[in-house]
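Everything below concerns the one structure shown next.
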Amino acid sequence: MARNPCDIRLLLVAAAVAFIYIQVRLFSTQSSSSSNSHSSDAGRLAEAEKCESQLHAMIDQVSAQQEKIAALEEMKVRQDEERVQLKILIQDLEKRSLQTLTNKNVVPVAAVVIMACNRPDYLQRTVESILKYQKAVASKFPLFISQDGTNGEVKKKALSYTQITFMQHVDLEPVRTERPGENVAYYKIANHYKWALDELFIKHDFRRVIILEDDMEIAPDFFEYFEAAAKLLDTDKSIMAVSSWNDNGQKQFVYDPKALYRSDFFPGLGWMLTKSTWMELSPKWPKAYWDDWVRLKEVHRDRQFIRPEVCRTYNFGEHGSSMGQFFDQYLKPIKLNDAHIDWNSEDLSYLKEDKFLTKFGKDVASATPVHGSDALLKAHNLDVDVRIQYDNQGDFERIARQFGIFEEWKDGVPRAAYKGVVVFRYKSSRRRIYLVGPDSLGQLGV
């Protein structure tokens, strides 16, 4: 932490006084010793002149340091004034930009924010994908870019889009990780998310926000999908957020672009939440690993997430803070929806908690049960929906590896699961495979 210039000045003055005191005492002692040893007056005079010379030199040094401190204080005052003026200017520009982009006669469905950092080429690809479909609904979905840090190329690229409001988060404080060797990027990302969502929900007072990252492309019906889901999110408090992502959304595991599901696992990667939910999360937001934190049962508290069967976002970010983890196996093969869906005419009431539980439970119960270590072969030979029971996490991982779906669990929940059930299509066909936990049928009321 930087020391206050006034504190430094006091220390210098104190040092000077201490030096003078020591020199006077030394002179007094030397004078006494000289008197006792019958030293000459000339020797005492020489010592006194030397002491006086050293005293003047010290006073000159203190004066010089005081002048430097005064100059630094003046510089700090000017910098503080410039910082305040710059902040006012940025706020004014942001306000004007937002006023330009929003129609006073249209209540926005949700603000859309692209979280960016240091990848200008990725950001450009993401923005161009979004603008392709956002222009027609710009007043409903005002667009923001939130940059973390000071990368000049990213800022230049962001400011080149006149139809987008730019926000910049700069935190120069050193990152203190909780464990040695941790990647500080995860701490910076969590801090950036909290700042950006506080800005949009609290400062700009949006009712909903859709969060995207700077390595995503969106589907043609992305905005229509979220507009339809917003109504469901507002009325069903058992839904915590709506996502555009399916962890098992690879080409071979999907079929129906209209199909939506409830899930106990937070998918992320293009998601929408409400202001009321953010006001609950913001005060306890974690220092790092924010997405895994949202997946904790104590955080989502029995609420679910809406996810599509066919993804409405495609993540092309092979290079980033996760260093391409799972990219080739799980992200690259994702199917991005290309079918036109008129979401305004779709009845999504089947996603209400009671209705979905009943309907999904019946679908699982009606699937043909398959047992044994050769479940994959048996499923292949049956031309119907099948269900395969797993006994524990290890058993699930073994079966998941056979089919090629995500094996990972978080806080006791498999990716994409609902009541312990993970459902996916078999080889892009209408047939569904249900991996069913030991307690799933009971939870589904079957």
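Per q in 0.14, 0.18 Å⁻¹, report the Debye log10 I(q)/I(0) for region 354-444, using one uniform scatterer on each alpha carbon and no solvent.
So the normalised log intensities work out to -0.44, -0.75.
Cut-off 14 Å, label point 7 angstrom out along Cα-to-Cβ of His371: give me the residues of region 381-424 whose amide nitrogen falls inside.
387-391
At a Förster radius of 51 Å, what calculated FRET efficiency corresponds to the Cβ-Cβ distance of His56 and Val170, to the nearest 0.05?
Here the calculated transfer efficiency is 0.65.
As an exercise, use a Förster radius of 56 Å and the Cβ-Cβ distance of His319 and Glu49 to find the FRET efficiency, rounded to the nearest 0.05. Don't skip to the end; give the middle numbers.
On the way: r = 72 Å, r/R0 = 1.28.
It comes to 0.20.
Using a cut-off of 26 Å between alpha-carbon atoms, which lysines can reach Lys378, once sequence neighbours fewer than 8 places away in the same chain are excluded?
Lys251, Lys359, Lys362, Lys419, Lys427
Give me the distance between the Cα centres of region 271-312 and region 206-259, rounded to whole Å.
Cα centroid of region 271-312 versus Cα centroid of region 206-259: 14 Å apart.
R0 = 41 Å: FRET efficiency of His380 with Lys258, Cβ-based, nearest 0.05?
The calculated FRET efficiency here is 0.95.
Probe of 1.4 angstrom, ligands and nucleic acids ignored: what's the accessible area per residue over region 245-342, in square angstrom?
Accessible area per residue, region 245-342: 41 Å².
What number comes out for the charge environment of Pro257, summing +1 per Lys or Arg and -1 per Asp or Glu over other residues with Cβ under 14 Å away?
Here the count lands on 0.
Once you list every other residue whose beta carbon is under 12 Å from the beta carbon of Arg401, what net charge do they have if Lys and Arg are +1 and Asp and Glu are -1? Show your work: numbers first, answer last.
Working: positive: Arg398; negative: Asp395, Glu397, Glu407, Glu408.
It works out to a net charge of -3.
Rounded to the nearest Å, what's the spacing between the alpha carbon centres of region 144-202 and region 353-406? Just the number, please.
Result: 41 Å between the Cα centres.
Can you tally the net charge around Ala190? Count Lys and Arg as +1, Asp and Glu as -1, for every other residue whose Cβ sits under 11 Å from the Cβ of Ala190.
Taking every other residue near Ala190 into account, the sum is 0.
Over region 354-444, what percent of the accessible surface lies on carbon and sulfur atoms, probe 1.4 Å?
So the carbon and sulfur contribution to the accessible surface is 48 percent.
Before anything else, pin down the relative contact order of region 354-444: Cα pairs under 8 Å, at least 6 apart, normalised by residue count, whole percent.
Result for region 354-444 is 30 percent.
The values are calculated or read from the model by the stated rules, or taken from the named source; none is laboratory data. Source: prediction; values computed, not measured. Using ideal geometry, Cβ is built from the backbone for each residue, glycine included, and neighbour counts are taken over all protein chains shown. To get the accessible areas, we keep the full protein, side chains included, count just its heavy atoms, and leave off ligands, DNA and RNA. Shrake-Rupley method; radii C 1.70, N 1.55, O 1.52, S 1.80 Å.
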